[in-house]
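Notes follow the structure.
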Amino acid sequence: MTDLLGLGAAGVRAYQAALVVTGDNVANADSAGYVRRTIALEARPGAAGTPTSRDNSGGAGVVAAPVGRATDALKLTAARGASGDHARVAVRGDWLERLQTLVQSSDLEARIAGAFDAGTDLAAAPTSLAARQIFIDRLDQAATGFSGLGSQLGRLASDLDGALALTADELNDATAALARVNEELRRTQSGSSAANGLLDSRDRLLAEIADRVKISVSEGPRGTVAVRLGSGAGARLLVPTFGSAVPVAARAGPSGAELVLDPTHSAEAVRLPASGRLAGLLEAAARLAAMRSDIDALADRFATSVNDWHAAGADALGDPGTPLFATQTLLLSDGAANAGTAGIDFEIADGATLAPGGYRLLREPGGWSLARSDGSASVTGTGPLSLDGVTVRPGAGAATGDSWTLLPAGGAIGLSLRPVAAERLALADRYLVDADPRNAGGATLAVSIDAAAAAFAPAPPYAVRIAAGGIAEISDIATGTLLASAAVDGTPIAGAGFSITITGTPREGDSFRIDVTGAGSNDNGNIRRLDGVRRSAAGGSTLEAGLDAGIARLATGIAETRRLIDTASAVKDDTARAADAVSGVDLDREAAELTRLQAAYRANAQVIAAARALFDTLLQVAG
């Protein structure tokens, strides 16, 4: 009788525990990170018979084992890895698309083409004031396109650096939390409700970490884990089973952004495995840095080519052309603690050599000070301040102690059109060449600017006469003095800041006249050579083709990333479903389990009721 009551009581207690576990699963069906709980019912072993008790070989009832979690380590590892792979390509694709949007919206290709097209139109009407002004406007649009794109790319790089820092901070928060969970697990009884909750938190933190970097996980006592960055023998430890997590940080390295371990103590740069958001951000940062470098190189080439072309010509006043583009500027930033409202204006003199570290402007009680950032030179005063060719004009409204930083910048950001009047466009050749109409040979004479040449110094006009033996004799027309003679073999003949090249087949007695272009010339020789700048492939391609190639490489990278995103998304969904099939709560399955457990609970209650009735009957018979 006692055995029958014990069997029923044991069954009621066991199935009551199972009902509690199933109810907990139903209640937490929508809880993020919750892993379905399981409980096993086991036969309670009976005691052996003794001289004073019988053998309980018929069984001693049922007992509930400790509550467990429905997990599959292999499926969880696969799901974490797939999530990290998807996060990597998704975040890379997002930033590359932002980069593409900036480059395309700058309309830089059309602006460059517009400047050269305006030069072609100007070559057909070199004396037209309207055509000159249109050319100047198109040059300004091209320069503005470069500088605007350079500034936008700089801001995008700053945003990307911020995203890297934020993701590194999130990773540090997750690893630090995991280290605390490890500590709690060591102090918690395995199989308890608290331990299972900590294990849920552990798995959730592992998923957060794997979303940011590729990791390998090894489990220790009581569910504690050691987490390493990547896999293999050389994988660096991020979270030990005992102790604090190792922090990480993103910083600018020699070849771009990089990740470092333990940045405040023994900083060590590490190469990230190709998985996780941090890897995607670093890949995007590298692609952005490459695009900025390409655009800066293109801006420098455009400015240098056009400036060199313009310097080779003469303007409407007969003066040599001056550089059209400035190629450096200063980026002004306000001090974080500024309390005033003063505006700051500055200008950079032609040919100024800026201090590499930039400058610091400070409002002092008695005036202003402008100093190099390294402290090697400074000036003070109450009005405009000039240092190294930089003139700063502070406005009113500054508070004592307000400061500003001026950092030098070149490339695309530094490109700007210098102030230029229409009559100062150097459209004519610097030198005019006239061939004697009586020349019998088929030779032509060309003059090109060569600043390093200084073979003879007298001012033009010059006469060039072909003497016997194919010798070119150059003389000063004003005095008749022979200045130089050289063989006519196609080799340039150096002059005072220019060189002469005779090609073709000259005959003895042929002559040419070289004179400097005067004011009011309607010559268009130099503006016609602007098309040669456009078609030049000195950098491996023309300016416009180089920009097209950069945009095409970016588009190809985005298309490839999109394909990877589609594949990674499918794998992520498949592995997540596989893991959820084991660990997730299925309400239909739990409902069926509740029905089964309720029936078993009632059956065991009936065993107790039957035992009680039988016991009462026996007592009545005995009485």
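The values are calculated or read from the model by the stated rules, or taken from the named source; none is laboratory data. Remember, predicted model here, so these are calculated numbers, not experimental data. So basically every Cβ, Gly included, is an ideal-geometry build from the backbone, and we count neighbours across all protein chains shown. Please note that ligands, DNA and RNA were not included when accessible areas were found on the heavy atoms of the full protein model with its side chains. Shrake-Rupley method; radii C 1.70, N 1.55, O 1.52, S 1.80 Å.
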Original post:
Within the range 566-579, is there a residue that is surrounded by 12 or more Cβ atoms within 10 Å (Cβ to Cβ), basic (Lys, Arg), farther than 30 Å from Leu425 by Cα and in contact (Cβ under 8 Å) with a residue 40 or more places away in the chain?
Top reply: yes
Original post:
If the Cβ limit is 8 Å and pairs must be 6+ apart or interchain, which residue in the range 149-168 that is assigned to a helix (DSSP H, G or I) and at pLDDT 95 or above pairs with which residue that is of a type in the set (S, T, N, Q) and open to solvent by less than 50 Å² (accessible area, probe 1.4 Å)?
Top reply: Leu149/Ser106; Gln152/Ser106
Original post:
Tally time: how many residues in the range 230-259 are surrounded by fewer than 18 Cβ atoms within 10 Å (Cβ to Cβ), aliphatic (A, V, I, L, M) and assigned to a strand (DSSP E or B)?
Top reply: 2
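So that you can scan it fast, the table gives a plain yes or no per residue for (1) among the acidic types (Asp, Glu); (2) over 22 Å from the mean Cα position of the chain (by Cα); (3) at pLDDT below 90:
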| position | (1), (2), (3) |
| --- | --- |
| Asp200 | yes, yes, no |
| Arg204 | no, yes, no |
| Asp211 | yes, no, no |
| Val217 | no, yes, no |
| Ser231 | no, yes, yes |
| Gly234 | no, yes, yes |
| Thr264 | no, yes, yes |
**OP:** Given the conditions (1) among the small types (Gly, Ala, Ser); (2) out of contact with any Phe, Trp or Tyr (no Cβ under 8 Å at 6 or more places or on another chain); (3) within 28 Å of Ala123 (Cα to Cα), report the number of the one that Ala454 does not fulfil.
**Re:** (3)
Original post:
Do any strands (runs of 3 or more DSSP E) entirely within the range 355-473 hold 2 or more residues that are open to solvent by less than 60 Å² (accessible area, probe 1.4 Å) and in contact (Cβ under 8 Å) with a residue 12 or more places away in the chain, and if so, which?
Top reply: 359-364, 367-372, 385-387, 390-394, 403-409, 431-435, 444-454, 462-467
Subject >> In the range 15-38, residue surrounded by the fewest Cβ atoms within 10 Å (Cβ to Cβ) [restricted to those that are in contact with a strand residue (DSSP E or B) (Cβ under 7 Å, 6 or more places away or on another chain) and free of Cβ contacts under 8 Å to residues at least 60 places away in the same chain] >> reply: Thr38
Original post:
Would you call Ile500 hydrophobic (A, V, I, L, M, F, W, C), under 17 Å from Thr444 (Cβ atoms) and more than 57 Å from the chain's Cα centre (by Cα)?
Top reply: no
**OP:** From (1) assigned to a loop (DSSP other than H, G, I, E, B); (2) under 17 Å from Leu331 (Cα atoms), pick out the condition that doesn't hold for Phe346.
**Re:** (1)
